[in-house]
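For reference, the structure discussed in these notes is given below.
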Amino acid sequence: MIKNNSIILTLDAGGTNFVFSALQHGKIISDTVQLPASTKTEVSCTETIIKGFELLKNNLHSPISAISFAFPGPADYSNGIIGDLPNFPGINGDYPLKLLLKKHFNCPVFINNDGNLFAYGEALSGALLEINETLNNNGNPKRFSNIIGITLGTGIGSGIVINGTLLKGDNSSEAEIHNMSNLNNPNWNIEESVSTRAIQRVYSEVAKIELDSILMPKDIFEIAQGNTEGNQEAAISSFNEYGKALGYVISDIITLIDGLVVIGGGITAAWKFFAPALFEAMQSQHQNSTGKFSKRTTIKVFNLESDTDRQTFLKGNVKNIQISRNSSVIYDTMSRTAIMRSKNGASVSTSLGAYYYALSQLNS
């Protein structure tokens, strides 16, 4: 793991609030600063971001080394130029946010996608570290090097870390899984089935009511729980459809990237309602033109939120092969991956990812 005394300022740029943090040695070292998100114009957005970092900086007793944070795309993240943002109406492209902040604070500034930084945080200080430590403590020689981070909220985001290195595309368009194909409708991308609006749409269709955009996934979750009045069958169906679509997407991703999968974001609170359909979809089979069936994934997929699955996953199938009288090799023959929820939470892991990403750039 990267170790450095640098103090890095980070930002969680949500549509409602901007939350600013200071990190050192992989930990938040001061009270966070929260300001209402100002996105009506580029000027107001810049002023709010500068104000938040200034307030945070003034609470510290040591100089900062860099600013590093997640910001929505599309963007040219290497150059820190933000594109046309649908959820930030005042930002319509060619917004040189990195240069504006660098000029004001006179320090290095790094901006990246939230899905990327979530995955990086989970790789260096989250799920990947925890799983490998647990395998080691259980005497299992198996180790994982790659992780796929998936964030579930208004839409779906993702990031990929391979052997400790964050995957960065040539056009800042790596891991844009929201544009993957949708099994439910060839004209849709996957976000039409894995998003807030998808849960709202399915609920209204099954309940046979007019679509109500005020009814959020949290409300539909409470209906599914039986805690709030509403159509419980429709609520459960909405999460079931969500999980099925997500399962097909993850199956495609792990076909290309052989690694662990960690999921974060507000929708994970409804895990018990969408996870069964997710794993059922991943365990389904392909059928070729002659009618022959084959597994959807080439490696076995475990649910680490299940105690039984977790024990089997950690145990694996360890063998000791004798090569000669004084030489042998111990290895785990079980080809597998696992899906788990983030223990840190998406916001914390994204901040950690921003912190470690800045250190990796400062040390390069």
ask   = Where residues in the range 178-195 are in contact (Cβ under 8 Å) with a residue 60 or more places away in the chain and touching a helix residue (DSSP H, G or I) at 6+ places or on another chain (Cβ under 6 Å), which of them is farthest from Ala123 (Cα to Cα)?
value = Leu183
task = Output yes when any residue across the range 213-224 is at pLDDT 95 or above, over 13 Å from Ile267 (Cα atoms), in the same structural domain as Ile267 (by TED's automatic domain parsing) and of a type in the set (Ser, Thr, Tyr), and no when none is.
result = no
query = Which residues, taken from the range 313-350, are of a type in the set (Gly, Ala, Ser) and within 12 Å of the chain's Cα centre (by Cα)?
reply = Ser342, Gly345, Ala346, Ser347, Ser349
task = Among the residues of the range 55-77, write down those that are surrounded by 19 or more Cβ atoms within 10 Å (Cβ to Cβ) and of a type in the set (Gly, Ala, Ser).
result = Ala66, Ser68, Ala70, Gly73, Ala75
ask   = Give me the pairs: first residue in the range 256-278 and in contact (Cβ under 8 Å) with a residue 60 or more places away in the chain, second residue among the aromatic types (Phe, Trp, Tyr) and surrounded by 19 or more Cβ atoms within 10 Å (Cβ to Cβ), beta-carbon distance under 6 Å, and six or more apart or on different chains, which are they?
value = Gly264/Phe118
ask   = Within the bounds of the range 25-33, is there any residue that is free of Cβ contacts under 8 Å to residues at least 40 places away in the same chain and assigned to a strand (DSSP E or B)?
value = yes
Residue ID - nearest to Ser349 (Cα to Cα), chosen from residues in the range 67-107 that are within 23 Å of the chain's Cα centre (by Cα) and among the small types (Gly, Ala, Ser) = Ala70
inquiry  = So, restricting to strands (runs of 3 or more DSSP E) that lie completely within the range 104-168, which ones have at least 1 residues that are surrounded by 22 or more Cβ atoms within 10 Å (Cβ to Cβ) and among the basic types (Lys, Arg)?
reply    = none
inquiry  = Please go through the range 108-138 and give me each residue that is more than 19 Å from the chain's Cα centre (by Cα) and either in contact (Cβ under 8 Å) with a residue 24 or more places away in the chain or not assigned by TED's automatic domain parsing to the domain that holds Ile253 (or both), ordered by number.
reply    = Pro108, Val109, Thr134, Leu135, Asn138
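Taking the range 31-64 only, how many residues are of a type outside the set (A, V, I, L, M, F, W, C) and in contact with a Ser or Thr (Cβ under 8 Å, 6 or more places away or on another chain)?
7
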query = Cβ-Cβ below 7 Å, separation at least six or inter-chain, first residue in the range 319-332 and under 12 Å from Pro141 (Cβ atoms) and in contact (Cβ under 8 Å) with a residue 40 or more places away in the chain, second in a loop (DSSP other than H, G, I, E, B) and basic (Lys, Arg): which pairs?
reply = Asp332/Lys142
task = Can you give me the number of residues within the range 22-40 that are under 18 Å from Gly126 (Cα atoms), touching a strand residue (DSSP E or B) at 6+ places or on another chain (Cβ under 8 Å) and surrounded by 16 or more Cβ atoms within 10 Å (Cβ to Cβ)?
result = 2
inquiry  = If I filter the range 23-46 for residues that are touching a Cys at 6+ places or on another chain (Cβ under 6 Å) and at pLDDT below 90, do I get at least one hit?
reply    = yes
ask   = Restricting the search to the range 301-330, which residues are in a strand (DSSP E or B) and under 24 Å from Phe273 (Cβ atoms)?
value = Val301, Phe302, Asn303
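Picking from Ser38, Ser21, which residue would you name as being assigned by TED's automatic domain parsing to the domain that holds Ala70, touching a helix residue (DSSP H, G or I) at 6+ places or on another chain (Cβ under 7 Å) and assigned to a loop (DSSP other than H, G, I, E, B)? Outline the logic, then answer.
Working: Ser21 fails: assigned to a loop (DSSP other than H, G, I, E, B).
Being assigned by TED's automatic domain parsing to the domain that holds Ala70, touching a helix residue (DSSP H, G or I) at 6+ places or on another chain (Cβ under 7 Å) and assigned to a loop (DSSP other than H, G, I, E, B) holds for just one of Ser38, Ser21, which is Ser38.
The values are calculated or read from the model by the stated rules, or taken from the named source; none is laboratory data. What you see is a predicted model, and the numbers here were worked out from it, not measured in a lab. Note that we place each Cβ from the backbone using ideal geometry, even for glycine, and neighbour counts take in every protein chain shown.
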